[in-house]
Structures are given as C-alpha cells and as structure tokens.
1. Run the numbers on region 24-105 and let me know its relative contact order in percent, using alpha-carbon pairs under 8 Å that are six or more apart.
2. Hey, got the dipole for region 226-348? About the Cα centre, +1 on K and R Cβ, -1 on D and E Cβ, debye to the nearest 20?
3. Among Gln264, Val229, Val285, whose Cα projects farthest towards the positive end of the dipole of the chain, with charges put on the beta-carbon of Lys, Arg (+1) and Asp, Glu (-1)?
4. Collect residues whose amide H, placed 1.01 Å from N in the peptide plane, falls under 5 Å from the amide H of Gly288; neighbours closer than 5 in sequence don't count.
5. Taking only C-alpha pairs under 8 Å that are 6+ residues apart, what is the relative contact order of the chain in percent?
6. Using the Karplus curve 6.51 cos²θ - 1.76 cosθ + 1.60 with θ = phi - 60°, work out ³J(HN,Hα) for each residue of region 227-238 in order, rounded to whole Hz, and write x for Gly and Pro.
7. Under the 0.36 nm per residue contour assumption, what length would be gained going from the current alpha-carbon distance of Ser2 and Val53 to full extension?
8. For the residues Val277, Val305, Val211, what sequence is obtained by ranking on other C-beta atoms within 10 Å, fewest first?
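Read the figures in this text as sums done on the coordinates, not as results from a lab. Please read these numbers as outputs of a predicted model, since none were measured by experiment. Heads up, the Cβs are rebuilt from the backbone with ideal geometry, glycines too, and the neighbour counts pull from every protein chain shown.
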Amino acid sequence: MSFSNDLLTWYDKNARQLPWRSFPSPYRVWVSEIMLQQTRVETVLPYFERFLVRFPDLESLASASQEEVLRVWEGLGYYSRARNLHKAARVILLEHEGRIPSTAPELERLPGIGHYTAAAIASIAFGEPVEAVDGNVKRIYSRILALQEALGSTRFEKTIEDYAQSVLPPDRPGDFNQALMDLGSSVCLPRQPLCLACPVRDHCLAFKQGVQNDLPLRVKKAPIPHYDVCVSIIQVDGKVLLSQREQSGMLAGLWEFPGGKCEQRDKSLEDCLKREVLEKTGLEVSTGEKIGIFEHAYTHFKITVHAWYAQPFSPVPIKLPEHLRWVSCLELPILPMGKVARLISNQIYDIP
C-alpha cells in the first residue's frame with residue numbers, strides 16, 4: 001500500500017466530525033480555513049457556529065459593517081483575519097459575481113488568503129489537485145523522510161514541497177489534505193508522537209531510526225519579549241471614555257481604554273499611565289483605585305496590563321476626536337474589543 005492509500009484508509013474510519021465537513025459548501029470551507037489560521041480546531045468550533053448564525057452566506061457578510069464583523073469575531077484573535085474576510089467577501093461579490101473562486105491561484109489573490117489557505121480551500125471545496133502544506137504537514141513529512149535540514153531552510157522547504165506533490169492523490173486531494181490535518185493534530189504530535197497508532201508508520205524513516213522526537217530540526221528562537229501596559233478607566237456622567245485603534249496594524253479598529261506601553265523614561269507605572277493618556281487623549285489625569293492586573297500573550301510578545309480608574313484635572317469636552325468616544329455600559333457589549341479590554345469592561349460593569 002502507498003503512503004496516500006494508507007492515510008486515506010485511516011481517514012475514512014477516523015475523520016473528525018466537523019461542521020464544515022458535514023456541509024462542505026465553498027463559503028463554509030473558506031470561513032473555516034480563515035478561522036483555522038494559527039488557531040486550533042477546538043477553539044474555532046464555537047466561533048464558527050456563531051459566525052455562521054449571523055453571516056450564513058457571502059451576501060450577508062459582505063453587506064455587514066466591519067465593526068459588526070469584528071464584534072462577532074471577538075475573542076478569536078488575529079483580527080486582521082476578520083477584516084480580510086470581510087474585504088474578500090465584498091471583492092467576491094463585486095468582481096466574481098458572488099462566486100468564490102475555485103482555483104488556488106485565483107483564491108490567493110483575495111485579501112487574507114495565502115498559499116496554504118488557497119490550496120486548502122481549492123482542494124477541499126472544489127477538488128483541485130493541489131497540496132496544502134502548513135506547519136503540521138511539514139512536521140509529518142520531515143519525520144517520514146527523516147529530514148536532517150532545519151525547518152524553514154531553503155533545502156527543507158524544497159524537499160517538503162517535492163514530496164508533497166509526489167504523494168498527493170489527484171482523485172481525493174481534499175480528503176488527503178484533511179487527513180494530514182487530522183494526523184498532525186491527533187497522532188503525529190509535536191512532542192511524543194503516538195507512533196504505534198500511526199497509520200503511516202511503515203513509511204516513516206524517523207520511526208524506523210528512532211529519531212521522531214528530534215524532528216523537525218529547529219533553529220533556536222530568541223526569548224519572547226514582555227511589556228508593561230497601563231490603561232485608564234475615565235468615567236463622566238455614567239459613561240466611560242474609549243479609544244479606537246488605527247485602522248491598520250495590530251488589533252486595528254478595535255476599541256480599548258486609553259493608555260499604552262511603558263517606556264524607559266517613565267519613573268513608575270502611574271507616570272506611564274498619565275503620559276500615555278495625555279498623548280492619546282490630551283487629558284491630564286490623576287490615578288485612583290487600581291482595578292487589576294491582566295496578563296496576555298500574543299504570538300511574538302507578552303504583556304501585563306495595569307488598569308486604574310483615573311480622574312481628569314479639568315472638565316472633559318463632550319465633543320471628541322473621531323478616535324475617542326463616550327460609551328455607556330449598555331453600548332460596551334456591542335463595540336468590538338480585544339481580549340484584555342473586554343475582561344476589564346466586564347469586570348468594572350459586572351457583565352457576565
């Protein structure tokens with residue numbers, strides 16, 4: 001039996017039951033693949049269901065506002081995915097007559113769709129014989145080949161690409177790519193792979209050589225940096241002041257409490273808070289009761305957020321620049337926020 005036959009035989013008996021597999025329309029496959037970028041299946045499942053309830057088809061997604069899309073997406077992280085999904089829906093509606101492109105090259109031209117995601121959508125939704133190679137697949141193939149090149153090196157990538165093309169079955173490319181996804185998530189794990197349960201261990205050179213735990217070879221990464229962030233809760237007449245992030249960059253377009261990252265010139269966390277609030281809002285404030293400390297990790301760095309109540313020294317103008325808004329506690333659940341800002345808002349207003 002070939003590698004692909006053994007893998008597909010296992011997949012036919014052990015495939016995960018997932019909502020986008022039960023009803024694999026191009027739209028559902030596309031949404032699922034965008035959500036699955038850098039995110040585990042278990043995390044995606046409830047967000048996928050919620051998203052499809054509000055945006056059951058491409059037309060409903062394209063006609064929504066970006067703010068509404070971000071709010072429904074909230075909590076899943078990597079918000080550029082939601083913005084690009086929204087942009088792509090509008091592009092498909094205007095330039096493709098509402099039909100999702102069926103080939104990987106066409107899909108890759110849409111916002112938010114890279115080489116792997118395009119291949120996954122094209123193979124699963126349209127049966128295009130194109131290999132979808134992500135980090136999980138690279139791990140599997142590096143072990144199958146007992147590859148002694150470092151992950152990410154030119155020779156590593158070329159060897160993996162050539163092998164992926166050679167084993168892809170043209171008659172079942174979507175099932176094969178999904179079988180690799182399932183194998184990487186349940187058997188060929190990053191640490192302590194379950195080799196005795198692996199359907200393709202007879203093809204695995206790393207297993208035969210006993211080096212599966214050592215592969216793929218990795219270049220040592222630099223330590224993840226950490227930053228202290230200070231934010232303020234400024235309340236006037238039953239409303240709280242929020243600041244909207246710029247429309248590009250990290251957490252673009254989301255709402256947060258005014259503040260920012262500590263710098264070397266700050267003598268204390270309170271000094272950081274006062275400086276950041278002045279720079280972001282033009283308001284001079286004094287710090288009041290500390291609300292709490294909130295830890296959060298992003299892909300490339302970690303933060304500790306210190307939150308205080310703060311009082312302005314002078315009357316606060318009701319009319320504010322576009323990026324600032326006075327918000328009632330009833331409006332807070334409607335506005336899209338990052339995870340830490342949502343934790344703070346839920347705590348200060350006792351929102352379950």
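1. 30 percent
2. 160 debye
3. Most positive-ward Cα: Gln264.
4. Tyr309, Ala310, Gln311
5. 16 percent
6. 10, 8, 10, 10, 10, 10, 10, 9, 10, 9, 6, x
7. 14.2 nm
8. Going from sparsest to densest Cβ surroundings: Val211, Val305, Val277.
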